[in-house]
Amino acid sequence: MAKAKQSYIDIVEEFPSEFHKPLLRLVDAIMERVRMEFAVRREDFDELRSAISELTQAQKRTEDRVEELADAQAKTEMRVEELAQVQKRFEKHFDLQIGALGSRWGLKTEESFRAAAEGILGEDFGLHVERYQAYDEEGEVFGRPDQVEIDIMIRDDKITAIEIKSSMSKYDVYAYDKKVSFFERRNQVKVDRKLIITPMLDPRAEELVKTLGMKVYSSCYDWGDEEQELK
């Protein structure tokens, strides 16, 4: 700064002597103004340091809060996983219970439907349907030794096999055809007609029914009316 001031004095001395003092005062005023403009006041520095301190503390609180949230999220995820495992165990147990209940209900429904259908055929149409039962030691029907049951009606020396079920799948149709063949071999007879009475036939079994020469009735009344017309 002293060197710069000396340079200004050298320049001022080039002017006439009566201008020296005014010019020096002007130069000093300009330099003081510049110093004040660019100097950092102590108050400003203290305010800046205080603001930085507050920002540092705020950042620390934010980091602590983020860490707390991360811990809470980890605990929540663990809890969700525990609940998912509990739900899986419950669903498995529930499915087993429903499956067992459904099996028992299905058997009861099948028996009720068969009893009702046979009752209608006998009481409303005077058609006697006998229940043929025999044990299949060789497993011809089901691939293993098992009891074979099939409804048979004999009229005018014509043998009609009847399968009465509340629902009929493609597998049921195959099994029914094997039961008819088993009955024919065991009794050395020929079944003239193979009928199915069911309100629900699996659409995938329709073509198989035609191929095996069977006829399906959605109600025992449909078949009973037809039989009455043939008398």
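Since every read-out is calculated from the coordinates, none of them should be taken as a lab result. Keep in mind the model is a prediction, meaning the values are calculated, not measured. Positions of Cβ are generated from backbone atoms using ideal geometry, with glycine treated the same way; all protein chains shown enter the neighbour counts.
Summary table below
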quantity	calculated
Filter on Lys88/Lys179; Lys165/Lys190; Lys170/Lys190 - keep pairs with C-alpha separation over 32 Å	Lys88/Lys179
Rough spin-label spacing in nm, given labels placed 7 Å along Cα→Cβ, for Ala51 and Glu18	5.2
Length gained when the stretch Arg25-Tyr132 is fully extended (0.36 nm per residue, less Cα-Cα span)	25.0 nm
Ordering of 50-56, 177-183, 190-196 by burial proxy (mean other Cβ atoms within 10 Å per residue, highest first)	177-183, 190-196, 50-56
